[in-house]
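The values are calculated or read from the model by the stated rules, or taken from the named source; none is laboratory data. Just so it is clear, the model here is predicted, and its values are computed rather than measured. Reconstructed Cβ throughout: ideal geometry from the backbone, glycine too, with neighbour counts over all protein chains shown. Just the protein is used for accessible areas: all its heavy atoms, side chains included, with ligands, DNA and RNA removed. Shrake-Rupley method; radii C 1.70, N 1.55, O 1.52, S 1.80 Å.
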Amino acid sequence: MSTAAIVIIIVNILLAKILSVGTTPIMVWWERRVAGFIQDRTGPNRCDIGGIRLGGLIQAIADMLKLVFKEDFTPSHIKEKFLYTIAPALVFICSFLTMAVIPFADNLVIDGESFMMQAIPTQLGIMWFLAFAGLSVFGIILGGYSSQNKYGLLGGIRASAQVISYEAAMGLSIISILLTYGSINLNDMVQAQGDTFFGIIPSWGIFMQPLAALIFIVTAFAETNRTPFDIAEGESEIVAGYHTEYSAMRFGLFQVGEYAAMSASSAIIVTLFLGGYHIPWMDTATIQSNINYVILAIVILLPIKAYLFAKWMNKNYDWLDANDKRHREKNILIRGFWLLAIVISAVLIMFLVTGLGENGVNIATAVIQIGTFVVKFLLMNLVFIWIRWTLLRFRYDQLQMLGWKVLIPLAILNIVITATFIVVTGS
């Protein structure tokens, strides 16, 4: 195996790990801050390390450390201790593995050898996602059953009811996508979304299959067990449902598994319906043929973004006392962002002057596409958070009615329409 292959494998695994698990503290902080904004309150913002608060991010890190060092207590009444122990791990592992087949960029060609930019280079694509996403609910059911707690058992039963409500609709919505793109490989689907139709509209899944996108996004919310479909947890009704008897890091694994599932759902939605790693109207060949202009645009935009960030910081972090630790933090962050923008701009200018070469162009294209994917991924996560703090929880019977009487008929209708269009037009 070549050095390039080893490096690319490591980069892909790190990307999958960071986006699925590593972003959990950021997502927790982001969720609390967005919730505070929606509810017209501040949210966590005071916890600091040496005066550095990062807008409240340190609070999420402190909570994570608390779970790590907290006593892991197992109630004496629990008989199925093995099932009780593996349940949170099952949720976490399945949620984590769903990210393994997401393509972060187009196939990277180094010295004539092509590499898939995903953690596990398999052609299974969407089938892998469906398999592991569906398995994660067994961890919730096992956790509720093995807890020997009525609230935990109710949470597990609710999770079972939820699965039979949304899983069929999710699978049927994907059939329309498979008919449209003619492949189960996620990278093939993203490459197809690099084109346009009518010469203007990007061939993104949300435009090609708007009904399938709507059904899939709704069922993805149910897949992650988040509001408005958090009926398995339902803290206002059954305390905490399936994880009532869990503490310390076993409870933490359930929570990390939820955010990993949210991240995986965001990634698959971006991949299937939002163009994946593509910049609108710029496929891989277009970026490669215009790489100098793309790099020049980044060089111009970086100082502008640093200036706007500094202006925002000066407006929102203005303290009367120049020695206040928050004032010092503001100055450190502003200087840090300016330094980062200057260093990146200098490196990019050096590339423009010296040239990149064939391998350099391919690597630069992959980096740009990874950045594009991450931006879309974060925005989709923001939608998940926004919806959670906007809508009320469904009852499980309402979810079943929605799934079986609304989503499944719509998904079947969409399959019929898509298949008819393909047969009539031949494409």
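Rounded if a/c is under 1.5, else prolate if a/b beats b/c, else oblate: with a ≥ b ≥ c from the C-alpha gyration tensor eigenvalues square-rooted, which is the stretch 345-427? Please report the intermediate quantities before stating the final value.
Working: a/c = 6.26, a/b = 1.76, b/c = 3.57.
Oblate is the answer for the stretch 345-427, as a/c is 1.5 or above yet b/c matches or exceeds a/b.
Distance between Cα centroids, the stretch 1-67 to the stretch 371-426: provide it in whole Å. For the stretch 1-67 versus the stretch 371-426, the Cα centre distance is 27 Å. Taking amide H positions as modeled 1.01 Å from N, with prolines and chain starts lacking one, the residues under 5 Å from F115 and 5 or more places away or on another chain are L108, V109, I110.
Centre-to-centre, using Cα atoms only, the stretch 205-263 and the stretch 284-346 are separated by 35 Å. Bridging of K17 to lysines at a Cα separation below 29 Å is possible for K66, K70, K81, K305, K376, once same-chain residues fewer than 8 apart are set aside. Note on Q123 and M313: the extension gain reaches 63.8 nm, defined as 0.36 nm multiplied by sequence separation minus the Cα-Cα distance. Label the stretch 276-427 by shape, choosing from rounded, prolate and oblate, from the square roots a ≥ b ≥ c of the eigenvalues of the Cα gyration tensor; if a/c is under 1.5 it is rounded, and otherwise prolate applies when a/b is larger than b/c, oblate when it is not. Oblate, because a/c is 1.5 or more while a/b does not exceed b/c. Distances between placed amide hydrogens fall under 5 Å for T196 paired with S203, all partners being 5 or more residues away or on another chain.
Could you tell me whether the stretch 17-126 comes out rounded, prolate or oblate from its Cα gyration tensor? Rule is a ≥ b ≥ c as square roots of the eigenvalues, rounded for a/c under 1.5, then prolate if a/b exceeds b/c, otherwise oblate. In terms of gyration-tensor shape, oblate.
The convex hull drawn around the Cα atoms of the chain, when projected onto a plane and averaged over every direction, covers 24.1 nm². Residue-wise HN-Hα couplings along the stretch 395-404, as the Karplus relation 6.51 cos²θ - 1.76 cosθ + 1.60 with θ = phi - 60° gives them from phi, are 6, 5, 5, 5, 5, 5, 4, 4, x, 8 Hz; Gly and Pro carry x. The peptide list 267-275, 177-185, 156-164, put in order of mean Cβ contacts within 10 Å with the highest first, becomes 267-275, 156-164, 177-185.
With viscosity set to 1.306 mPa s at 10 °C, what whole-number translational diffusion coefficient in µm²/s follows for the stretch 80-126 from Stokes-Einstein and a Kirkwood radius over Cα pairs?
Numbers: Rh = 12.9 Å.
Answer from the Stokes-Einstein relation: 123 µm²/s.
Could you work out what % of the accessible surface of the stretch 195-298 is carbon and sulfur, using a 1.4 angstrom probe and leaving DNA, RNA and ligands out of the count? Kindly include the intermediate steps, with their values, before the conclusion.
Numbers: 2390 of 3490 Å².
After summing per-atom areas, the C and S share lands at 68 percent.
Per residue, the chain exposes 49 Å² of accessible surface when a 1.4 Å probe is rolled over the protein heavy atoms with every protein chain present. Nonpolar atom fraction for the stretch 103-160, defined as the carbon and sulfur part of the 1.4 Å probe accessible area, stands at 67 percent.
Would you mind counting up the charge near R250? Only other residues with Cβ under 12 Å from its Cβ, with Lys and Arg at +1 and Asp and Glu at -1. If you can, show how the numbers build up before the last one.
Values: positive: K70, K81; negative: E71, D72, E245.
Surrounding charge for R250 is -1.
What is the percent carbon and sulfur in the accessible area of the stretch 305-357, measuring with a 1.4 Å probe over the protein chains and ignoring ligands?
Working: 2610 of 3920 Å².
Result for the stretch 305-357: 67 percent of the exposed heavy-atom area is carbon or sulfur.
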